[in-house]
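Let me begin by presenting the structure, written as structure tokens, before commenting on it.
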Amino acid sequence: MSIPGPSKTPPTPPDPASQAPAAIGAAPTWTWVPIRSLGPRHRERITAHLLALGVSDRYLRFGYSATDAQISKYVDMLDFEQDEVFGIFSRRLELIAMAHLAHSVVAPNNNGMAVSEFGVSVLPQARNRGFGRRLFEHATLHARNRGIETLLIHALSENVAMLKIARNAGATVVREGSESDAWLRLPPDTLASHVGELVEHQAAELDYRLKLHARQVGDLLSVFTEVKNPLDKTSHVAED
């Protein structure tokens, strides 16, 4: 998938009035996954996450086989004031999945609608658990609550998994050779959508704090174990 951002100029989207946004407002069928907002302080973790992607995964994520230097430059250029970046952390606080939602994407002939572009990556060991879909659903909720009317996914046509997520959400997919654009019209925000996002945010923050506390306790126990073992050995030698 190509890097989302305001500099890219996608082709003219289909008439959003003809699209069915019912999938966005439908009752969720997923289990809850803590998705946390990321900021400038997370650049190092974002870089580590993207550098952990293999050659083929980088190709699908960015639309080309991004080098380590290109990935580092991409992370350095992330505008956390303008765009949104979300992440899923493992129990060890490793960033195993992340999404970039770029706002103010230029889309010709879109009748003045606000468009945002979505990009996602999931580490190999965390796949087949629905994380990409959950990040997409979280992004649609976040976007509609900020007045975004259309979500765009610009992907390589061979990125079947990402395009399937878009189609299942009700997006219209337009293929142009080796690349495809998926356009999803978002419903307007409601009180329920804002409450839902707030609850998700607070729950994800609590989950992260609990994981951080568990890791700190584990590190402390490891230190005690390291200190205890030499003492035990010394005591044993003395008794001998």
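The values are calculated or read from the model by the stated rules, or taken from the named source; none is laboratory data. Quick caveat: nothing in here was measured; it's all calculated off a predicted structure. Counting neighbours? That spans all protein chains shown, and the Cβs are built from the backbone with ideal geometry, glycine included.
When you look at residue 182, is it more than 16 Å from residue 103 (Cβ to Cβ), modelled with pLDDT of 90 or more and not acidic (Asp, Glu), yes or no?
yes
Output the helices (runs of 4 or more DSSP H) that fall wholly within region 24-126 and possess 3 or more residues being charged (D, E, K, R), more than 16 Å from the chain's Cα centre (by Cα) and modelled with pLDDT of 90 or more, or say none.
Output list reads 68-76.
Please tell me if residue 167 is of a type in the set (Lys, Arg), under 26 Å from residue 90 (Cα atoms) and part of a helix (DSSP H, G or I).
no
For (1) at pLDDT 95 or above; (2) within 24 Å of residue 97 (Cα to Cα); (3) small (Gly, Ala, Ser), each residue gets a yes or a no:
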| residue | (1), (2), (3) |
| --- | --- |
| 150 | no, yes, no |
| 154 | no, yes, no |
| 160 | no, yes, no |
| 169 | no, yes, yes |
| 178 | no, no, yes |
| 187 | no, no, no |
| 190 | no, no, no |
| 193 | no, yes, yes |
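Considering region 120-155 alone, what residues qualify as being polar (S, T, N, Q) and in contact with a strand residue (DSSP E or B) (Cβ under 8 Å, 6 or more places away or on another chain)? Reasoning before the result, please.
Of all residues in region 120-155, those polar (S, T, N, Q) come to 121, 125, 128, 140, 145, 150.
Matches in region 120-155: 121, 125, 140, 150.
Rundown of residues vs (1) surrounded by 12 or more Cβ atoms within 10 Å (Cβ to Cβ); (2) modelled with pLDDT under 85; (3) among the aliphatic types (A, V, I, L, M); (4) within 30 Å of residue 93 (Cβ to Cβ), yes/no style:
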residue	(1), (2), (3), (4)
200	yes, no, no, yes
214	yes, yes, yes, yes
235	no, yes, no, no
239	no, yes, no, no
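For region 180-198, what are the residues that are surrounded by fewer than 16 Cβ atoms within 10 Å (Cβ to Cβ) and among the hydroxyl-bearing types (Ser, Thr, Tyr)?
Within region 180-198, 190 is the sole residue that qualifies.
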